[in-house]
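A quick write-up on the structure given underneath.
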């Protein structure tokens, strides 16, 4: 009886070792599979593909004190215009001749402030949130940005951004190889200040 019991204990211990060994092998295979898939994505694309862009999150800008976020959206785009100069009239058309076309994931948000705030302070507040590692690609102030009407209606296509030419600020920043951040701040005739923030995570 005692011999039979000892034999059963030995069989149980041996079976447990086999199960543990198999679990370890399965775990190693699972890890290997995950690694292989990750490497396949990196090697195949060389960068972030458009269906993987959602994993690359943009900077989360903190709104200016008392600012209200009146619009926030994201979408895939195949033809985003990144303007690197003010709009000018050429052949009866308003356009930014110095610009680049990009595709990828676009994040947009519009902030509104009641009257009584200084647009330059607002612009500096948002610009200071751009990482120091980002490269300033283009920047213009006030009338050097040309007409606010073009930025509002031709470029951003947001009517609330149509303000006074003397009180506008625009800049483009490049973060790494694939993120472009655009800031536009303007004061309207009713003295309200609007900020447009756009981040494009690009795809080659």
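For the reader, a short list of remarks on this structure follows.
Yes or no, residue by residue, for (1) at pLDDT 85 or above; (2) farther than 28 Å from residue 152 by Cβ; (3) under 16 Å from the mean Cα position of the chain (by Cα); (4) in a loop (DSSP other than H, G, I, E, B):
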| residue | (1), (2), (3), (4) |
| --- | --- |
| 54 | no, yes, yes, no |
| 57 | no, no, yes, yes |
| 76 | yes, no, yes, no |
| 86 | no, no, no, yes |
| 89 | no, no, no, no |
| 102 | yes, no, yes, no |
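- Residue match in region 178-185 (condition: modelled with pLDDT of 95 or more and within 16 Å of residue 70 (Cβ to Cβ)): yes
- Residue tally, condition over 18 Å from residue 139 (Cα atoms) and either assigned to a loop (DSSP other than H, G, I, E, B) or at pLDDT 80 or above (or both), over region 91-100: 2
- Criterion violated by residue 141 - all others in (1) without any contact (Cβ under 8 Å) to a residue 40 or more places away in the chain; (2) touching a helix residue (DSSP H, G or I) at 6+ places or on another chain (Cβ under 6 Å) satisfied: (2)
The values are calculated or read from the model by the stated rules, or taken from the named source; none is laboratory data. Keep in mind it's a predicted model, so treat the numbers as computed, not measured. Note that each Cβ is placed from the backbone with ideal geometry, even for glycine, and that neighbours are counted across all protein chains shown.
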